[in-house]
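Inspection log for the structure reproduced underneath, given as structure tokens.
The values are calculated or read from the model by the stated rules, or taken from the named source; none is laboratory data. Computed from a prediction, not measured in an experiment: that's the story for all the values here. A quick note on method: Cβ atoms are made from the backbone with ideal geometry, for glycine too, and the neighbour counts reach across all protein chains shown. Areas reflect the complete protein model, heavy atoms only, side chains present, ligands, DNA and RNA absent. Shrake-Rupley method; radii C 1.70, N 1.55, O 1.52, S 1.80 Å.
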Amino acid sequence: MANSTQKREDGLYLREAKLPEDFEGIVDVGAKAFALDPVFMFWGNVMEITDTGLKPENDQNLRVFMTFLLKTCIDMKARFTVICDPAANDKVVSAAYWVPPNERIALYQVGRLLRCGAIGFIKAWGIRGIDRITTQYLDKCHHSFQAEFKKRGLKRSVDDTWYLNLAMTDPAYQGKGLMSLLVREMFALNPEGIYTIEATTPKVKDQYAHLGFELISTFTLGKGVAGEDGLPKQGEEATGMPVSPMIRWPASWASKDQTA
Ligand SMILES: CC(C)(COP(=O)(O)OP(=O)(O)OC[C@H]1O[C@@H](n2cnc3c(N)ncnc32)[C@H](O)[C@@H]1OP(=O)(O)O)[C@@H](O)C(=O)NCCC(=O)NCCS
């Protein structure tokens, strides 16, 4: 895939990530961007937040997870694009992980998972966290995607798509069009790809819809045990949180039968 750089009028610029040089910077943006994400707090069994955000131990556990996730995406040969700020020592302020078609790690590939730091992640979030991510989340998303493919008569697996594993912007830089730049750059480079993602908040769902992703379904995660903020709740407050699998179809399908 072509190597791309783009500079904005404000000086912020997009480029392919350089690894391992950018590794810590990407993990840091992820930990900041997802600190108060309801789904991530639910996965990480966060019990409460303080006025300043996550407690130090929860922040540390999130960083362990982000490190593990980044390593798994490197192992799956993901394409990483980042946006940097030259006015802040070129630090990474936004990033996207694009996992290519047919590059996925299965749960039974224990060696690969261990190589990516699974033990540290299990220690951080425990068996409960793994169950929440796999059975309660990833399996349901996969089922939704596959059901949509079946409905459309598509013979391929949903794993035969580009998976936008993570998109994130440092909160101090949000609302400036950085995610749009990352997503549009990829679509321009590879307009005929099929892209899958999951939106973990209603706002992000609307943002992805704005960028051309179609809502496939919405299911509720954590109903009966967590609120819409991802923190533990009981009774009527334990509404759970909406998760929305979404797909961006190839550009050419907009004008013809969508069963290629
Ligand atoms: C989601 C996230 C990556 C967005 O990053 P961002 O850089 O602030 O996003 P942008 O400013 O590029 O906004 C994206 C687009 O959504 C549009 N948008 C903003 N609010 C919107 C809304 N409520 N409804 C629809 N579109 C909206 C923007 O106008 C922009 O489109 P444009 O470029 O055509 O103007 C960032 O909020 C984040 O890191 N959140 C936490 C992590 C997360 O949830 N990641 C996504 C799941 S993997």
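For region 197-227, the set of residues classified as open to solvent by 60 Å² or more (accessible area, probe 1.4 Å), within 16 Å of the ligand (Cβ to nearest atom) and part of a strand (DSSP E or B) consists of GLU214, LEU215, listed by residue number. With respect to the conditions (1) part of a helix (DSSP H, G or I); (2) near the ligand (Cβ under 7 Å from one of its atoms); (3) in contact with a helix residue (DSSP H, G or I) (Cβ under 9 Å, 6 or more places away or on another chain); (4) of a type in the set (Gly, Ala, Ser), ALA167 falls short on a single one, namely (1). Please specify each residue of region 15-44 satisfying the condition of being open to solvent by 50 Å² or more (accessible area, probe 1.4 Å) and either part of a loop (DSSP other than H, G, I, E, B) or at positive phi (or both). Within region 15-44, LYS18, LEU19, PRO20, GLU21, LEU36 meet the criteria.
Yes or no, residue by residue, for (1) in contact (Cβ under 8 Å) with a residue 60 or more places away in the chain; (2) touching a Phe, Trp or Tyr at 6+ places or on another chain (Cβ under 8 Å); (3) farther than 23 Å from ASN45 by Cα:
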site	(1), (2), (3)
PRO191	yes, no, yes
GLU214	no, yes, yes
PHE219	yes, no, no
GLY222	yes, yes, no
PRO232	yes, no, no
GLY235	no, no, no
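If the condition is being aliphatic (A, V, I, L, M), in a helix (DSSP H, G or I) and out of contact with any helix residue (DSSP H, G or I) (no Cβ under 9 Å at 6 or more places or on another chain), then region 233-254 contributes only ALA254.
Here region 169-184 is the region considered, the condition is being open to solvent by 20 Å² or more (accessible area, probe 1.4 Å) and hydrophobic (A, V, I, L, M, F, W, C), and the residue that is nearest to the chain's Cα centre (by Cα) is MET179. Scanning region 1-29 for residues that are free of Cβ contacts under 8 Å to residues at least 60 places away in the same chain, more than 15 Å from the ligand (Cβ to nearest atom) and under 19 Å from the mean Cα position of the chain (by Cα) returns PHE23, GLU24. Does LYS32 satisfy being under 16 Å from the mean Cα position of the chain (by Cα) and more than 22 Å from LEU178 (Cα to Cα)? Answer is no for this residue.
For GLY230, the stated conditions hold: it is in a loop (DSSP other than H, G, I, E, B) and within 16 Å of the ligand (Cβ to nearest atom). When PHE187, PHE149, PHE145 are screened for being in a helix (DSSP H, G or I), over 18 Å from the mean Cα position of the chain (by Cα) and surrounded by 13 or more Cβ atoms within 10 Å (Cβ to Cβ), only PHE149 passes.
Taking into account only those residues within region 94-142 that are among the polar types (S, T, N, Q) and part of a helix (DSSP H, G or I), which is most open to solvent (accessible area, probe 1.4 Å)? Within region 94-142, the match that is most open to solvent (accessible area, probe 1.4 Å) is THR135. For beta carbons closer than 6 Å, sequence separation of 6+ or different chains, a first residue in region 38-56 that is touching a residue at least 60 places away in the same chain (Cβ under 8 Å) and a second that is among the acidic types (Asp, Glu) and surrounded by fewer than 21 Cβ atoms within 10 Å (Cβ to Cβ), the qualifying pairs are PRO38/ASP229.
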